[in-house]
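S.K.: Quick one: structure below, then a few questions.
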Amino acid sequence: MSEGSAEAQGDVLVTPDGSRTALNARFGEAYGSRHGAASQARHVFVEGTGTHEHPAPRVLEVGFGVGVNARATLARCAARGVPLVYHAFEFDPAPRALLRDVARGGEAEAHPAWRALLDAWPESGGGSGEIEVTAGGATLRVTFADVLTADLPGGWATALYLDGFSPSRNPDVWTPEFTARLAHTLAPGGVLGTYSAAGHVRRSLEAAGLRVDRRPGAPGKRECLRAIREMGSGQWAVEEGTP
Ligand SMILES: C[S@@+](CC[C@H](N)C(=O)[O-])C[C@H]1O[C@@H](n2cnc3c(N)ncnc32)[C@H](O)[C@@H]1O
């Protein structure tokens with residue numbers, strides 16, 4: 001992610017659209033876009049995957065981070081009155097206070113599922129296992145594990161948010177091998193959204209059998225990608241229905 005005009009307030013970055021994100025020391029990169037964290041969440045992930053119109057979204061996320069994408073999705077589903085199941089993977093959970101500070105004054109801050117998730121979240125961060133909460137029509141599940149070696153549901157996700165830091169800082173989640181595994185998690189018609197428009201990412205998604213579209217990027221980025229598992233594709237029939 002390129003530098004924007006975010007303002008640092010302690011560990012939190014306040015971005016030009018008024019939304020917040022934070023800096024991740026391990027990767028030396030902001031969790032969300034410095035040009036507008038909530039704007040990126042809505043444009044690239046919620047709208048880029050069609051989750052804003054889906055009657056009952058099931059979202060798989062690579063990299064829960066500080067939950068900006070999760071809250072953007074919760075807010076949009078709550079406004080439409082549709083149920084949501086959101087399953088994220090995170091191998092380095094941030095402290096609970098950072099999630100709370102980033103959410104302060106932001107969308108879905110008061111959603112009962114977000115509140116319940118914060119209550120269940122490890123206070124100092126870190127740890128392993130899984131937490132799951134259901135409230136207000138939404139189920140939020142976060143698996144504290146390395147997604148590269150985790151079991152992923154087959155043919156399940158209506159949307160996949162690929163948000164695991166940039167290919168240059170975290171190349172492991174952008175390899176053709178892992179991209180192929182991600183493609184298998186999509187239900188027919190499911191859509192993967194990512195802020196990267198790098199040529200090698202596009203080629204990996206195409207090699208995984210997905211139809212890739214370039215879209216205008218969120219503020220600060222020229223383009224982003226969406227990759228669709230076309231409805232007629234029967235190539236992963238074996239995995240359908242796998243929990
Ligand atoms: C760009 S941030 C995600 C921001 C987040 N989606 C949000 O809305 O705040 C990337 C996240 O992916 C996590 N991550 C990176 N590689 C991972 C892996 N192999 N397994 C699980 N989590 C990973 C990082 O720890 C980080 O929290």
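S.K.: Under 7 Å between Cβ atoms, at least 6 apart or on separate chains: pull out the pairs that start in the stretch 97-112 with a residue that is among the acidic types (Asp, Glu) and end on any residue that is outside any loop (DSSP other than H, G, I, E, B) and at pLDDT 95 or above.
M.R.: Asp101/Val12; Glu107/Ala38; Glu107/Arg71; Glu107/Ala72; Glu107/Ala75; Glu109/Ala103
S.K.: A further question on this structure: Among (1) in contact (Cβ under 8 Å) with a residue 60 or more places away in the chain; (2) outside any loop (DSSP other than H, G, I, E, B); (3) β-branched (Val, Ile, Thr), where does Thr139 come up short?
M.R.: (1)
S.K.: Still on this structure, I have one more. Name the one entry in Ser19, Ser33, Ser5 that is more than 14 Å from the ligand (Cβ to nearest atom) and among the hydroxyl-bearing types (Ser, Thr, Tyr). Walk me through it before giving the result.
M.R.: Working: Ser19 fails: more than 14 Å from the ligand (Cβ to nearest atom); Ser33 fails: more than 14 Å from the ligand (Cβ to nearest atom).
Within the list Ser19, Ser33, Ser5, the selection yields Ser5.
S.K.: What residue, among those in the stretch 155-202 that are of a type in the set (D, E, K, R) and either touching a His at 6+ places or on another chain (Cβ under 6 Å) or assigned to a loop (DSSP other than H, G, I, E, B) (or both), is farthest from the ligand (Cβ to nearest atom)?
M.R.: Arg169
S.K.: Let me ask something additional. Name the single residue that is surrounded by the fewest Cβ atoms within 10 Å (Cβ to Cβ) among those in the stretch 40-88 being in a loop (DSSP other than H, G, I, E, B) and within 14 Å of the ligand (Cβ to nearest atom). Steps first, answer last, please.
M.R.: Narrowing the stretch 40-88 to residues in a loop (DSSP other than H, G, I, E, B): 48-57, 63-67, 81-83.
Checking the rest, the ones that are also within 14 Å of the ligand (Cβ to nearest atom) come to 48-49, 51, 63-67.
Details: Gly48: 27, Thr49: 27, Thr51: 26, Gly63: 20, Phe64: 28, Gly65: 26, Val66: 26, Gly67: 31.
Out of the qualifying residues, it is Gly63.
S.K.: Determine whether the stretch 102-111 contains at least one residue that is under 25 Å from Gly18 (Cα atoms), among the acidic types (Asp, Glu) and in contact with a helix residue (DSSP H, G or I) (Cβ under 9 Å, 6 or more places away or on another chain). Before the answer, list the steps.
M.R.: Step one: list which residues in the stretch 102-111 are under 25 Å from Gly18 (Cα atoms), which gives 102-111.
If we keep only those that are among the acidic types (Asp, Glu) as well, we get 107, 109.
Among the residues that remain, those that are also in contact with a helix residue (DSSP H, G or I) (Cβ under 9 Å, 6 or more places away or on another chain) are: 107, 109.
Within the stretch 102-111 (the criterion being under 25 Å from Gly18 (Cα atoms), among the acidic types (Asp, Glu) and in contact with a helix residue (DSSP H, G or I) (Cβ under 9 Å, 6 or more places away or on another chain)), the answer is yes, since at least one residue qualifies.
S.K.: Can I ask one more? Against the condition more than 14 Å from the ligand (Cβ to nearest atom), of a type in the set (Asp, Glu), more than 18 Å from Glu53 (Cα to Cα) and in a strand (DSSP E or B), how does Glu123 come out, does it pass?
M.R.: When the stated conditions are applied, Glu123 does not pass them.
S.K.: Kindly evaluate Thr158 against the criterion of being hydroxyl-bearing (Ser, Thr, Tyr), under 30 Å from Arg202 (Cα atoms) and at pLDDT 95 or above. Give the derivation first.
M.R.: Numbers: hydroxyl-bearing (Ser, Thr, Tyr): yes; under 30 Å from Arg202 (Cα atoms): yes; at pLDDT 95 or above: yes.
Considered against the rule, which asks whether it is hydroxyl-bearing (Ser, Thr, Tyr), under 30 Å from Arg202 (Cα atoms) and at pLDDT 95 or above, Thr158 comes out as yes.
S.K.: Out of Ser124, Ser166, which single residue is of a type in the set (Ser, Thr, Tyr) and over 20 Å from Ala41 (Cα atoms)?
M.R.: Ser124
S.K.: Report, by residue number, each residue of the stretch 143-167 that is buried (at least 17 other Cβ atoms within 10 Å of the Cβ) and among the hydrophobic types (A, V, I, L, M, F, W, C).
M.R.: Of everything in the stretch 143-167, those that are buried (at least 17 other Cβ atoms within 10 Å of the Cβ) and among the hydrophobic types (A, V, I, L, M, F, W, C) turn out to be Phe144, Val147, Leu152, Trp156, Ala157, Ala159, Leu160, Leu162, Phe165.
The values are calculated or read from the model by the stated rules, or taken from the named source; none is laboratory data. Worth saying up front: this structure is predicted, and the values here are computed from it rather than measured. Please note: Cβ atoms are built from the backbone with ideal geometry, for glycine as well, and neighbour counts cover all protein chains shown.
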